[in-house]
1. For the stretch 211-238, name all the residues that are touching a strand residue (DSSP E or B) at 6+ places or on another chain (Cβ under 9 Å), farther than 13 Å from Y190 by Cα and not in a loop (DSSP other than H, G, I, E, B).
2. Can you spot a residue in the stretch 271-286 that is among the charged types (D, E, K, R), surrounded by 14 or more Cβ atoms within 10 Å (Cβ to Cβ) and modelled with pLDDT under 70?
3. In the stretch 333-347, which residue that is closer than 23 Å to K382 by Cβ and in a helix (DSSP H, G or I) is nearest to the chain's Cα centre (by Cα)?
4. Report, by residue number, each residue of the stretch 339-364 that is without any contact (Cβ under 8 Å) to a residue 40 or more places away in the chain, within 16 Å of C328 (Cβ to Cβ) and not hydrophobic (A, V, I, L, M, F, W, C).
5. Among (1) closer than 22 Å to N150 by Cβ; (2) outside any strand (DSSP E or B); (3) within 15 Å of the chain's Cα centre (by Cα), there is one condition G208 misses while meeting the rest; what is its number?
6. Where residues in the stretch 114-139 are at pLDDT 70 or above and surrounded by 21 or more Cβ atoms within 10 Å (Cβ to Cβ), which of them is nearest to W330 (Cα to Cα)?
7. What number of residues in the stretch 169-190 are surrounded by fewer than 21 Cβ atoms within 10 Å (Cβ to Cβ) and in a helix (DSSP H, G or I)?
8. Return the residue satisfying two criteria in turn: it lies in the stretch 378-404 and is at pLDDT below 85 and out of contact with any helix residue (DSSP H, G or I) (no Cβ under 9 Å at 6 or more places or on another chain), and of such residues it is farthest from L267 (Cα to Cα).
Amino acid sequence: MADKVDKIIDKTLGVVDEVKKENKKSITIPRPNENEDIDSDYKYQRENFYNLIERGQDAVEGILELAQESEHPRAYEVAGNLIRQVADVTEKLVDLQTKMKKLKEVPNKGPNNVTNALFVDYKTNDIPGGDLSLEQWEDLTDYFSSLTLNGTFGDPIFNPNFIEMLRIAYMKDVDVSISNAASQKPKQFYIDAFLAHPKAHWRFGIDGLPYQSFAHRINQDGEHLFEMMKTASQMGLDVSWQYIVFSYNEDKISEAIKISKEIGVTLELNYSGRDNGEFLTPITKKHQETMIEGKEEFRPKCLSKTSDKYLTQERMPFVTTSQQVIPCCWIDEKLDWDEYKELNNKENNLNNNKIEDILNGEILTKFYDKITNGDIPEHCRKKCSTKVKGSRVKEIYVNGELIHDRL
């Protein structure tokens, strides 16, 4: 009976040649002595779970390749089942981590957000600083419940510990959003990353159709990155396609909307007010058409949107490539200005202090107090005014339908 079922599955998946079964020696993780403490038991269980996950990843890779080659619905169904099984084991890792935390009485931190620059530039090496360490990442994921990995100067995927960092965040039930525009990593890297944090949100920067994107995203292989975006969607991740509108791609928007629906990703059309010269500046001036008339207001993003108090979860600090903790990304290159020099103090660096001590320290408290009391640096006023917010328009399409347009 089993042989008959195997033949039916082989026929469904298009497997022609007989698969020779080999008796492989099982891998056994040494069991600790009963006299060892609870840390040994934790490590023993953790290693077993990791072993199961790694084996599952190998199986997922194989079935995904088969699914993409054959485009057979049954192959995708099997791939989906395997992914869910790997995710189930990973959930057990999260449960194990939670129980271990309770045993060690690790305090639970309140919900917060951080926009974190975690990258090494893929266009140039002239970027100060370096990669966040695993120790720093452990500190951030202990304190925050949500983190965004951004790529102002580079790309998060180039941190050498990137996949392990995603795994750590998933084990701690920390939400992670990744903005990815670099395309230099192979397919297996992406599959491993997708499996490391199945609940992560991925935002792929592909400006135009895949073959066009390099015009703005220098050195990007848009077609490869597009395939990785499709793979993420097929594996059930939450995926967005960021499409900045330029002159070379504005005539492809309707096609992009159709493609996004076909592959099951959210399309984010960004109409920017930036001046990019004749080659890149689009003819469509939606950002100009929606400029807010009347009184200009200052609405600081670093403070709460619903309260005058700044120590709330609405505040979104930014970690630079030098591990400096500052109020937002807009002042990253302005830290030598008189208004921001104090923010560049070594006390505000993750290499010297814990994130909780930095956020509650005198330097940031003093800066937020100044903003709250109306002592606003001109650069802050410029970047967080209603006029500036009105210079950019974002349209969001889900299943081919416009669900949101906002400034």
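The values are calculated or read from the model by the stated rules, or taken from the named source; none is laboratory data. None of the values given here were measured: they were computed from a predicted structure. Positions of Cβ are backbone-derived with ideal geometry, glycine not excepted, and every protein chain shown enters the neighbour counts.
1. S213, D238
2. Yes, there is a match, as at least one residue in the stretch 271-286 is among the charged types (D, E, K, R), surrounded by 14 or more Cβ atoms within 10 Å (Cβ to Cβ) and modelled with pLDDT under 70.
3. Among them, the one singled out is E333.
4. Y340, E342, N344, N348, listed by residue number.
5. All conditions are met except number (3).
6. L132
7. 3
8. Only one residue tops the list, namely R381.
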